[in-house]
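Everything below concerns the one structure shown next.
The values are calculated or read from the model by the stated rules, or taken from the named source; none is laboratory data. What you see is a predicted model; the values in this text were computed from it and never measured. Quick reminder, even Gly has a Cβ in these numbers, built from the backbone with ideal geometry, and neighbours come from all protein chains shown. Surface areas here come from the heavy atoms of the whole protein model, side chains and all, with no ligands, DNA or RNA. Shrake-Rupley method; radii C 1.70, N 1.55, O 1.52, S 1.80 Å.
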Amino acid sequence: MSLLVVGLSHRSAPVSVLERASLSADAQAKLLHDTLAAEPAAEAAVLATCNRIELYADVDKFHAGVAELSTLLAQHSGVGLEELTPYLYVHYEDRAVHHLFSVACGLDSMVVGEGQILGQIKDTLALGQELHTAGRLLNDLFQQALRVGKRAHSETGIDRAGQSLVTFGLEQLAAGASVEDWAKGKRALVIGAGSMSSLAAATLARTGVDEIVVANRTHARAERLVEILGEAGTAARAVAMADVARELTRVDIAVSCTGATGLVLTGEAVATALGLPPLAPAADPATVARLSEADRTALAEVAAAERAGLLADGTEPAEAVRSEAPAPDAAGCPVDLAALADAGITFAGPGVDALNAAPAVDVNSLELHGSWAERAERPQAGAGRGVRVPAGPVRLALLDLAMPRDIDAAVHRIPGVRLVDIESLAEASADAPMAADVDQVRSIVSDEVAAFGAAQRAAHITPTVVALRAMAAEVVAGEVARLESRLPDLDDKQRSEVTQTVRRVVDKLLHAPTVRIKQLAAEPGGAGYADALRTLFDLDPETVAAVSRADLNDADVKNRGRS
């Protein structure tokens with residue numbers, strides 16, 4: 001049997017598909033039962049969150065297992081198999097273990113390093129145990145995943161990455177002032193209720209804002225976030241997305257992080273909220289064509305600067321204008337966002353979703369933005385290259401944490417508006433200390449995957465070794481009985497000495513081979529040693545199977561006590 005995972009997440013599927021494919025508690029239970037009823041699977045567990053749905057199973061056939069698990073996910077999610085298939089990913093054996101351990105550490109989360117996933121993994125294990133669908137393999141796997149996640153959080157600074165975008169963004173909006181002092185007494189609007197929006201709302205609550213208004217397409221999720229904020233003592237209320245324009249006239253701060261494919265806040269909406277005339281439209285292409293080459297170049301530079309959030313108008317220093325995206329380096333974002341956009345690669349999902357790239361792009365190699373937005377030393381107010389500090393009082397501070405952007409970059413031209421977005425955060429970030437933590441966590445994951453594989457391979461041969469020793473004990477008992485029949489005059493002390501001597505001889509003969517075979521079995525490719533041992537000693541397969549079942553029952557009882 002081998003471990004197989006089939007699933008989809010924010011890395012592989014747009015939010016609209018994830019929402020439609022979400023599984024209720026009843027649907028999860030039915031999926032687990034149906035998976036065990038399917039021929040290829042002996043164990044099953046389902047990890048279902050707002051950002052991922054993954055079905056783990058112990059299967060005896062890879063291709064049949066992939067087909068069956070994919071079909072079951074489609075049936076129970078309500079999304080047709082043909083539509084769902086392009087968004088599915090498959091991991092097998094060690095790669096499946098590596099994937100779950102990475103998930104447990106927060107490396108695969110929308111917000112890198114977030115710890116909420118550990119609770120969700122624990123719930124997954126508890127459900128599998130309750131329904132008796134998680135056997136020894138999945139019990140061991142999820143128990144170790146929890147330990148790996150806790151180790152990553154305790155031994156590294158990976159936790160900070162999940163807070164970096166929100167915290168750093170608010171610090172940039174505060175322009176050098178204490179965030180608490182800057183936010184005190186203000187009212188805030190949070191657009192979206194996903195992971196990053198929830199983190200933003202919680203961070204704003206800790207800064208001491210007077211009120212938080214939450215707007216979300218799914219009103220129930222907004223209400224749930226408001227309930228959590230209320231329990232923490234923050235005044236909060238939920239509104240419909242249709243009310244965002246009205247609420248914008250009443251707040252001082254707006255944070256947006258949705259999965260929308262278009263703009264959530266246009267320049268016109270922001271200008272109207274501040275009682276200002278609409279922004280002038282962009283230059284007509286026909287007009288641009290009639291300009292001189294020098295004028296067209298100047299216009300393109302200003303447009304590029306506005307898109308990057310560098311200029312309010314053409315009066316800033318010329319050296320601040322960026323006409324093309326800088327090459328990625330250690331001082332900024334490791335992903336050349338402009339180059340990706342030019343190549344036709346689109347972005348999907350709320351917050352810092354993984355890049356939903358063309359097949360040629362390895363999305364697993366692209367860092368989440370949280371891994372580079374944090375800085376050891378922050379610039380003084382306005383010192384960051386990408387965050388523009390407008391002259392005069394700031395009437396509305398905007399933080400756009402979505403990719404693609406939620407807020408029109410043209411709002412930089414509106415007097416009294418300060419905008420911080422993903423690109424400007426990348427420009428303002430001078431180094432990437434979080435990268436070291438991410439690398440350290442990856443090293444932990446690799447070590448733990450190797451340890452898990454060795455332990456599983458060693459455990460695979462244990463029933464065979466136990467069966468061998470049981471056979472040896474039977475041989476000793478038989479020979480002692482025959483000796484007693486031949487030498488009936490032996491007293492109890494003599495009989496005991498003979499029995500112990502025979503047992504010691506057998507134990508010494510078996511000790512070195514059994515220890516060595518366990519070591520060999522723990523190495524990659526060591527699974528065949530169990531078969532060799534059964535063949536060499538002609539062990540009864542039924543005896544080995546009985547030992548395996550007893551071992552499985554003991555492990556199940558032990559794991560239930562630990563969960």
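Just one of the numbered conditions (1) under 30 Å from Leu419 (Cβ atoms); (2) in contact with a Leu (Cβ under 7 Å, 6 or more places away or on another chain); (3) not in a helix (DSSP H, G or I) is not true of Gly169: (3). Counting the residues of the stretch 175-204 that are surrounded by 20 or more Cβ atoms within 10 Å (Cβ to Cβ) and of a type outside the set (S, T, N, Q) gives 14.
Residue pairs whose Cβ atoms lie under 7 Å apart, separated by 6 or more positions or on different chains, with the first residue in the stretch 246-265 and open to solvent by 10 Å² or more (accessible area, probe 1.4 Å) and the second among the acidic types (Asp, Glu) and assigned to a loop (DSSP other than H, G, I, E, B), are Thr258/Asp406; Ala260/Asp406; Leu263/Asp406; Leu263/Asp408; Val264/Asp406.
Conditions first: (1) under 24 Å from the mean Cα position of the chain (by Cα); (2) modelled with pLDDT of 95 or more. Ile253 passes all but one, so which condition is the exception? All conditions pass for Ile253, except number (1). Taking every residue in the stretch 454-471 that is among the hydroxyl-bearing types (Ser, Thr, Tyr) and at pLDDT 75 or above and pairing it with any residue that is surrounded by 18 or more Cβ atoms within 10 Å (Cβ to Cβ) and not in a helix (DSSP H, G or I), at least 6 positions away or on another chain, the pairs with Cβ-Cβ distances below 8 Å are Thr464/Leu539.
With respect to the stated conditions, Ala57 fails to be crowded, with 23+ Cβ neighbours inside 10 Å, among the aliphatic types (A, V, I, L, M) and over 22 Å from His132 (Cα atoms). Taking the stretch 222-249 as the range and being more than 29 Å from Ala271 (Cβ to Cβ) and under 29 Å from the mean Cα position of the chain (by Cα) as the test, the residues that pass are Glu223, Arg224, Glu227, Ile228, Leu229, Gly230, Glu231, Ala232, Thr234.
Those helices (runs of 4 or more DSSP H) of the stretch 186-258 in which at least 2 residues are under 15 Å from Ala397 (Cα atoms), considering only elements entirely within it, cover 195-207, 244-248.
Any chance the stretch 468-487 includes a residue that's open to solvent by less than 80 Å² (accessible area, probe 1.4 Å), under 29 Å from Leu520 (Cβ atoms), in a helix (DSSP H, G or I) and among the charged types (D, E, K, R)? No, every residue in the stretch 468-487 fails to be open to solvent by less than 80 Å² (accessible area, probe 1.4 Å), under 29 Å from Leu520 (Cβ atoms), in a helix (DSSP H, G or I) and among the charged types (D, E, K, R).
Within the bounds of the stretch 4-18, is there any residue that is over 23 Å from Val148 (Cα atoms) and open to solvent by 60 Å² or more (accessible area, probe 1.4 Å)? The answer is yes, given that some residue of the stretch 4-18 is over 23 Å from Val148 (Cα atoms) and open to solvent by 60 Å² or more (accessible area, probe 1.4 Å). Going through the stretch 88-100 one residue at a time, which ones are assigned to a helix (DSSP H, G or I) and open to solvent by 60 Å² or more (accessible area, probe 1.4 Å)? Scanning the stretch 88-100 gives Asp94, Arg95.
Residues in the stretch 116-126 that are of a type in the set (A, V, I, L, M), in contact (Cβ under 8 Å) with a residue 40 or more places away in the chain and open to solvent by less than 40 Å² (accessible area, probe 1.4 Å): Ile117, Ile121, Leu125.
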